[in-house]
1. Run the simple label-point estimate for LYS313 and HIS182 please: 7 Å along Cα→C-beta, distance reported in nm.
2. Between rounded, prolate and oblate, where does region 382-445 land on the alpha carbon gyration tensor, with a ≥ b ≥ c its root eigenvalues, rounded for a/c under 1.5, else prolate if a/b exceeds b/c?
3. In bins 10 Å wide, starting from 0, what share of all Cα pairs of region 283-399 does each bin hold, as a percent?
4. Determine the calculated [θ] at 222 nm for the chain from helices alone, applying -39500 (n - 2.57) to every DSSP H run no shorter than 4 residues and normalising by the residue count; nearest 500 deg cm²/dmol.
5. Report the extension gain between ALA165 and GLU90 in nm, rounded to one decimal, defined as 0.36 nm multiplied by the number of residues separating them, less their alpha carbon distance.
6. With angles folded into 0 to 90 degrees, how steeply does helix 305-320 sit against the dominant principal axis of the chain? Use alpha carbons for both and round to 10.
7. Restricting the count to DSSP beta bridges whose residues both fall in the chain, what percent are antiparallel, rounded to a multiple of 5?
8. So what is log10(I(q)/I(0)) for region 343-402 at q = 0.29 1/Å, when the Debye sum runs over its Cα atoms only?
Amino acid sequence: MNSLLPNPQTPKHSLIMKTANSPTSSIRRARARDPGHPMTTTPGDEPHMDDLELANDRPALPRGVMLNAYPRSLGQNGLAETVAILKRPEFKDAFSLFYILPTLFHTDLDRGFSVIDYDLNEDLVSPGDLRELSELGMGIKLDLVLNHLSVRSHQFRDLLQNGDASPYRDFFIDWDLFWKDHGRPGEDGHIVPGQRHLEKLFMRKPGLPLMKLRFPDGSTRAYWNTFYQKVEFSEITAADFESIRGIKPEEAEAIARRVKILVKEKDCLESVDMKEFAEHGPEVRRILCRKREFLGQMDLNARSEMVWDFYDKTLEKLGGYGANIVRLDAFAYLHKEPGRTNFFNRPGTWDYLRRLCSLARERGAVVIPEIHAEYGTGIHEEISREGYPTYDFFLPGLLIDALDRGDNRALVRWISEIQAKGLVTINMLGCHDGIPLLDLKGKQIDGAYRPGLLDDELIEAAMERIVARGGRTKNLYDAEGKKVDYYQVNATYFSALGEDEQKLLLARAIQMFMPGLPQVWYLDLFAGTNDYEAADQEVAGRHKEINRTDLSLADIESGLQRQVVLNQLKLIRLRNTSPAFEGELQIVESPRQLLHLVWQSPAGNARLRANLKTHAFTVSHGHGADEEILLSF
């Protein structure tokens, strides 16, 4: 496939972790003694040669600061307006990378993460917009949503239309076929896995992760559906039923009224009992099937080579758009096997990831596996040992805790761990998702408890503070639909900090001094507040909209007059351009209420001194003892 764009500009420098206590290799690796357990490395073990070769062959993570937004987040009318905004003098030298969220493609549910196809959404993006980003010297990061495709995808529509005759019959996961020898039929005829299997299923919504569908031959089948699903009907009227032989107009009216009630009461059409319509029942059902539309994210069958061919062609397409970083969304749910968890099971997950990495490497792209898991699982370390960058989902909660309590200990411990273990990270404050406080928790593994970065009481207290400041929560469920835990709390980062501009500035300053690649959510940059009207709509997933407000050109113009925005841009510009951050990071020992971080290189120094209780801080920059104060509050 010919690229739509010229080759992206080679980044000024690549992210090679070079901190005071770490090696200068980009990613330090060690093979686990048991690949099924994240915490069983053997002291003194050397990486296998094939692992070293794989790590060395991977493109390095680019340096700089990364903007994160939807195509219409800045300007509301698509990526062209965003590009024009990035050309303004206020943004000069601020960003080297742009993570464009997947409404860039043709999508439906979940704000882009239910992909219909990976062609450009012509309503929001043009090839010319992407060329202009490349001409600005900006690298591009895009998503490959590994686990699922929309029911509106060509592949799933073909399956619904042609059933077993479809070439895509094995492209998605037939629930009953998957569990054939591992459960019994339930009341609806679909297999319910045995209890030992149910206990291992990781649920993102109430009930079993499946969607029931009616096929042309009249059979009902269930397909694996981990995330969102929704069924909609176009308007049902008496006219829909007047074509039934022997039906009078008043009978058609009565059927329409009754059907509306039944469809509303039942969770799906298959649960509606048509016997009350006597001999007309089958025809009534057929009419309703024609008026029904499914929405959902259907899990892909990664055992099918056709799926891998789809991944390969998609990576080629993303490369054509100029992507030099590919985020692997929901990768931990991809590998499924009876008797194992459906979340990050091993070694299958690693086998899939290595194969994906090989495909991306052929196109010069870095892959970043995205996963949320408790600190106590050690999965972030395992990802690093396997040679991949890892998302620092711990930093957002650690900063809220440190700034609310005026205590540096948990934060300093985490920075020290990044250094000591040579972790290559991508960090952030807010993002398109929630604030992942539960990622800070400990975990019981094989009878041993590994503590979290914060005690449970501190995590719960932070959650309560954010909710008291207007946040919303998202839950996790068991197979019976019972809530088992919070998943995340949703709020803008500014609102989570109590809408305190000084705290937001200090949080941004600390982020810019952290090891790793900083990613900046557009709404945090403009000190956006919670959007309650959007969050409180009775639509699945709307709680996340609290932190996704699209900014008009007037909003942006107004924002660029605010010091909290301009001062953040100063901090971002420093991180993006200063050679100090190519050097070594020193954590200067300080009392618990203070934080003192220094980056040093032969070409320059950058220093942050902060009081976590009063939130006063200074940032200075220069050479040797000759440092100039950039910001002081």
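The values are calculated or read from the model by the stated rules, or taken from the named source; none is laboratory data. Everything quoted here is computed from the prediction, not taken from an experiment. Because the Cβ atoms are built from the backbone with ideal geometry, glycine has one as well, and the counts that use them run over all protein chains shown. Heads up: the accessible areas ignore ligands, DNA and RNA and are worked out on the full protein's heavy atoms, side chains in. Shrake-Rupley method; radii C 1.70, N 1.55, O 1.52, S 1.80 Å.
1. Each label point lies 7 Å from its Cα, and together they span 2.9 nm.
2. In terms of gyration-tensor shape, prolate.
3. With a bin width of 10 Å, the distribution comes to 11, 36, 29, 14, 7, 2, 0.
4. Mean residue ellipticity at 222 nm (helix-derived): -8500 deg cm²/dmol.
5. That pair, ALA165 and GLU90, stretches by 21.3 nm at full extension.
6. Helix 305-320 and the main axis of the chain meet at about 50 degrees.
7. Of all bridge pairs located within the chain, approximately 70 percent are antiparallel.
8. -1.32
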